[in-house]
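Novice: Here you go, one structure.
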Amino acid sequence: MPDYSWPQPENRNLIGKRISRVDSPVKVSGRAKYTYDYNPTGMLYGKILRSPHAKAKIVSIDTSAAEKMPGVKAVQIAQKVGSTVQWAGDEVVAVAAIDEATAEDAIRAIKVTYQPLPHLVSDAEPPAGAAEMPGPLSFDDLEDMLDNQVRPREMAEQIQQYGITFKPDDKTLEGLKSDGASDDVLAALRAAAVHEDAVSKPKSNYSKAAAQTQGEPDKAFSDAEIVSEGIYGAPVITHCCLESHGATPEWTDDDHLMVHISTQNVSGIAGQMADPIGIPAANIRVHQDHVGGGFGSKFGPDRWTIVATQLSKKAGGKPVRMMLERNSELEVAGCRPSAYARVKVAAKKDGTITGWQSQSWGTGGPGGGGMPPIPYVFNIPNQRKEHTAIHNNIGPARAWRAPNHPQAAVITMGALEDVAAKLNMDPVDFFLKNIELTTKDRQNVYREELAIASDLMGWKNKWKPRGQNVSGNVARGLGLSVHTWGGRGHASDCDLTLHPDGSVDIKMGTQDIGTGTRTTILIVAADTLGIPMDAINLFIGDTLYPPSGGSGGSTTPGGVSSSTRRAAVDARDALFEKVAPALNAQPADLESVNGTVRVKSDHNRSLSWKQACSKLGAMPLTVRGKNPDKSKPPDLTNSGVGGVGMAEVEVDTDTGVVKVKKMVAVQDCGLIIDLKMAESSCYGAMVMGISYALFEEKVMDQATGRMLNPNMEFYRLAGLNDIPELVVHMMTGKSYDERGVIGLGEPPVVSPGAAISNAVANATGVRVPFLPLTPDRVLAALGQKAGA
Amino acid sequence: MPDDVKKPTEESSGVSRRDFLKISSISAAAVPLIGTRVVEAAGTPVKVYGPGRVPVELTVNGKKHSLQVEPRVTLLEALRDSLDLTGSKRVCDRAECGACTVMMDNKIVYACSVLALEAQGKQITTVEALMQGGKLHPVQQAFMDHDASQCGFCTPGFVVATKAFLDKHPKATAEDIRRGMSGNLCRCGTYHGIQKVIAQFTQKGA
């Protein structure tokens, strides 16, 4: 059995070093081509007429004037008359025209009438008694779910769980099928419990999940030496990818489609388009060279790509560019669910946490959304948790970097830091005191990381109890948070070909979303083959190549490095088989180092890489590496990391302005492939953390149901001037390396918001309950303190 | 070929709302012409372009291009869609993020907020011109060395802005440049790398 395991430190030439990312030259020179840059001859420009209402029934659509306009090549209705739009900005009609200006004019010429319906865009605490356990689903509920493109599996689960209010006869099922219900959904309907008596009950916007209890929470609180109470939370924010969502589909013949799309999921798009477009997934080719950000929001084709594909068909197959405008990008293409909670924590005077009680709520748009994983990281022995999901009309939720974890951290770390403050304990000591409530495997990781982070921050010298580091109108403070994430490697296939002339290529249907996937693959392959990275041609971003998973959940580094390692080991060993006779040696006696294949014990018996490959004969040699692959152990990836974030802030108590002065991130991610890129991931995550902690919020207008800040002036991102000294420390060494490769996209973005929130509490002596920590909120909290 | 467009003043576009209404009504009644017409507005002659496509001549990276675009087309759209110079990115489309930063007569501008018509007669330099003979410009090399790009969508704008700022303020302090460059935004959070790029040049210049 070949040895696939990661090389020992002394045998790593590239793995773990600081290596510049291979796509830097094309990116810094403007030559990198993104989906938005694809500009084929004859391309048409797509535009979409979007609903101005947050909830409304479409009463009529008149596209006749638009269809007659010169230059308009196709008009496609996205949601037919009678459909209910569920958020402002939802797609209603689309056009394709010879240029953008004509498409804009055509959109203005379309007349749609709506019957506005009552909407809810607030995610404020649910009114008492408003929350209901969800009831059986009506026919209209199912139609709404289909309109909202709820995933078939989710629909089937809900049907199974709650039952339905109507008899699923053949005619009804046929109707639902023609509206897009999948076979799974139809099967669930046939098997569902029918509650016809529940027909007329109006649906509440608030659905309550069953309370979760662990241990003896009542006893914990009655025995508690201190109880701390507070309210914490984080609002809905958007992804604000700089390259907006979109695609340019084109029909290459009557039943074959080529789709350039901005995505995190090259290999997974065709399967999602096959049903709505009505051709086999095998007839759909998907391509993408570079993507201008995704952050969890770009896994599906979305309705606009489907509509653009239909427009292309109507326009004789011509490519139709459908990239969202900035306002639509912020309104409809990304919502991180909100999460808020009233929390009570029970503790002993020595700082031991004994009980947790929370009433949480939040929204993920029409789908509601689940409870964040609270209490986060610390598994408090006695807990009672209740959660209410708010189903509202702000737009559909999407995964946002480390889904639910930043919110859980804000709630949990805020509540715990409040306990520490009440006890007058240094939060570092308080967290260490309770470290045994964290997962056993990670306790030492957290201990080690807290010590390093404290040193890098200068915590011991700088930390003062709450509100005791004030001079004039400047209050200074420190805060911390700890976090975790899973990781593991997604499924990945890698084809590696050695050519008889010594050239090498790798093909993989993955994508580089700015996380350095290209560089990761090349480092692993080059290190394994013993040749330079630039001796390998790498092809990614196309369904012509073997499938590789979507880039989500920090699963890409584990996936692509594992499949690449297995392919490269097999290719190298196959080459050794061919070369061994020429070197008068056994294959197992050979090694490939610095472009030379040689006998381990006698380096003079060697061939150059090129000479060695000439022994392959006339045909190139291709091997396929896979992940996971139980037949080729060991498992090269792993799951479960720990990290610590610390923040130092200055708060102007006259203006309420928070300025972050320094941040520290200490992070474990198993075996690091490229230290430079790993650090960049953490630096970037801290910047993103400052942004969502201080500035970002999707602000909704309750009256019109529309987003008030769908632009980059009022949906503010942190700028260069908001960025303080940033310090990153990556955990390395034997105990980390031997775990294998674990992704790093999510974990470092989790703690910054909580750490900054805690630092502001430490500085001002008062908890600002909700992110973002804007001046008005800071002043309101200070005002409450003064008034108390 | 139209004459140079009169540069609007900073306070207004040079056409008041009442003038605009007058012009609109004239345009609506007039037969569409290629090129410009001049109408009397508030006692002064005002050029009117369109409706429909008009000829526009742009000088980009030292090369002249003749285009036919609608008067409402921005310099950014003309660069990207007509000339296939896609290094400048369309992101906010309203002068907030800097991803479309280009040089116009040695001054940095947001190409999303300049009409193609207004850019006539100016020397436009885009990110594509910075690399010479297959070699990265020192600013580009520094972006690579300090890993100052992740998804890379903001990077060309940042590169142009950094180069232009350093050209104009060779002795700027790091603080000056941070403020001078706060017109560009990044979502991946590459600012730490960009700060190191800046430090490299300011330390050299100091």
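The values are calculated or read from the model by the stated rules, or taken from the named source; none is laboratory data. Model, not experiment: these values are computed from the prediction. Cβ sites come from the backbone with ideal geometry, for glycine too, and all protein chains shown count toward neighbours.
Novice: Just give me the residues in region A:279-305 being touching a residue at least 40 places away in the same chain (Cβ under 8 Å) and part of a helix (DSSP H, G or I), in sequence order.
Specialist: Passing the criteria: A:D302, A:R303, A:W304, A:T305.
To keep it simple, each residue is scored yes or no on (1) surrounded by fewer than 24 Cβ atoms within 10 Å (Cβ to Cβ); (2) among the polar types (S, T, N, Q); (3) touching a strand residue (DSSP E or B) at 6+ places or on another chain (Cβ under 9 Å).
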site	(1), (2), (3)
A:L330	no, no, yes
A:A347	no, no, yes
A:G351	yes, no, no
A:V377	no, no, yes
A:N382	yes, yes, yes
A:I411	no, no, yes
A:N424	yes, yes, no
A:D429	yes, no, no
A:N434	yes, yes, yes
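Novice: Considering only residues that are assigned to a loop (DSSP other than H, G, I, E, B) and within 26 Å of B:V102 (Cα to Cα), look in region B:51-61 and name the one that is farthest from the chain's Cα centre (by Cα).
Specialist: B:R53
Novice: Of all residues in region A:38-54, which are touching a residue at least 24 places away in the same chain (Cβ under 8 Å), within 14 Å of another protein chain (Cβ to nearest Cβ) and out of contact with any helix residue (DSSP H, G or I) (no Cβ under 9 Å at 6 or more places or on another chain)?
Specialist: Within region A:38-54, A:Y38, A:P40, A:G42 meet the criteria.
Novice: All but one of (1) within 12 Å of another protein chain (Cβ to nearest Cβ); (2) in contact with a Ser or Thr (Cβ under 6 Å, 6 or more places away or on another chain) hold for B:C151; state the number of the condition that does not hold.
Specialist: (2)
Novice: Find all pairs meeting these conditions: Cβ atoms under 6 angstrom apart; at least six residues apart or on different chains; first residue within region A:563-574 and in contact (Cβ under 8 Å) with a residue 40 or more places away in the chain; second residue aromatic (F, W, Y) and part of a helix (DSSP H, G or I).
Specialist: Pairs found: none.
Novice: When the residues of region B:74-87 are narrowed to those that are outside any helix (DSSP H, G or I) and within 7 Å of another protein chain (Cβ to nearest Cβ), which ends up surrounded by the fewest Cβ atoms within 10 Å (Cβ to Cβ)?
Specialist: Across region B:74-87, the extreme among qualifying residues is B:D84.
A quick yes/no check of all residues on (1) more than 30 Å from B:A78 (Cβ to Cβ); (2) at pLDDT 95 or above:
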position: A:Q86; (1), (2): yes, no
position: A:D105; (1), (2): no, yes
position: A:L120; (1), (2): yes, yes
position: A:A130; (1), (2): yes, no
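Novice: Sticking with this structure for a sec: When A:T637 is evaluated against the numbered criteria (1) in contact with an Asp or Glu (Cβ under 9 Å, 6 or more places away or on another chain); (2) β-branched (V, I, T); (3) crowded, with 23+ Cβ neighbours inside 10 Å, which criterion, by number, is the only one it fails?
Specialist: Against the list (1) in contact with an Asp or Glu (Cβ under 9 Å, 6 or more places away or on another chain); (2) β-branched (V, I, T); (3) crowded, with 23+ Cβ neighbours inside 10 Å, A:T637 comes up short only on (1).
Novice: Has region A:702-712 got at least one residue that is part of a loop (DSSP other than H, G, I, E, B) and facing chain B (nearest Cβ under 10 Å)?
Specialist: Taking every residue of region A:702-712 in turn, at least one turns out to be part of a loop (DSSP other than H, G, I, E, B) and facing chain B (nearest Cβ under 10 Å).
Novice: Basic (K, R) and in the same structural domain as A:A759 (by TED's automatic domain parsing): which single residue out of A:K507, A:K464 fits that description?
Specialist: A:K464
Novice: Could I ask something else about it? Of the residues that sit in region A:32-68 and are closer than 24 Å to A:T84 by Cβ and of a type in the set (K, R), which one is surrounded by the most Cβ atoms within 10 Å (Cβ to Cβ)?
Specialist: A:R50
Novice: Among the residues in region B:110-123, are any over 20 Å from B:L58 (Cα atoms), in a loop (DSSP other than H, G, I, E, B) and in contact with a Ser or Thr (Cβ under 8 Å, 6 or more places away or on another chain)?
Specialist: no
Novice: Within the set of pairs 6+ apart or on separate chains, which have a first residue in region A:726-744 that is assigned to a loop (DSSP other than H, G, I, E, B), a second that is among the acidic types (D, E), and C-beta atoms under 7 Å apart?
Specialist: A:M731/A:E449; A:M731/A:D668; A:G740/A:D635
Novice: Just to be sure, is A:I540 surrounded by 22 or more Cβ atoms within 10 Å (Cβ to Cβ) and not assigned by TED's automatic domain parsing to the domain that holds A:P372?
Specialist: Criteria not met by A:I540.
Novice: Then there is this: Step by step: first the residues of region A:91-118, then only those that are out of contact with any helix residue (DSSP H, G or I) (no Cβ under 6 Å at 6 or more places or on another chain) and under 20 Å from A:A333 (Cβ atoms), then the one that is nearest to the other protein chains (Cβ to nearest Cβ). Which residue is that?
Specialist: Of everything passing the filter in region A:91-118, A:E100 is nearest to the other protein chains (Cβ to nearest Cβ).
Novice: When region A:288-317 is examined, which residues are found to be closer than 19 Å to A:P337 by Cα and more than 14 Å from chain B (Cβ to nearest Cβ)?
Specialist: A:F299, A:G300, A:D302
Novice: Among the listed residues A:A718, A:A685, A:A693, identify the single one that is crowded, with 19+ Cβ neighbours inside 10 Å, under 23 Å from B:G183 (Cβ atoms) and touching a residue at least 60 places away in the same chain (Cβ under 8 Å).
Specialist: A:A693
Novice: Here is a further query. Restricting the search to region A:596-606, which residues are crowded, with 16+ Cβ neighbours inside 10 Å, within 21 Å of A:R12 (Cα to Cα) and out of contact with any Asp or Glu (no Cβ under 8 Å at 6 or more places or on another chain)?
Specialist: Hits for region A:596-606 are A:T596, A:S606.
Novice: Which of the numbered conditions does A:V687 fail, given that it passes all the others? Conditions: (1) within 13 Å of another protein chain (Cβ to nearest Cβ); (2) assigned to a loop (DSSP other than H, G, I, E, B).
Specialist: The failed condition is (2).
Novice: Yes or no: A:G16 in contact (Cβ under 8 Å) with a residue 40 or more places away in the chain and touching a strand residue (DSSP E or B) at 6+ places or on another chain (Cβ under 7 Å)?
Specialist: In short, no.
Novice: How many residues does region B:171-194 contain that are in a helix (DSSP H, G or I) and more than 7 Å from chain A (Cβ to nearest Cβ)?
Specialist: 5
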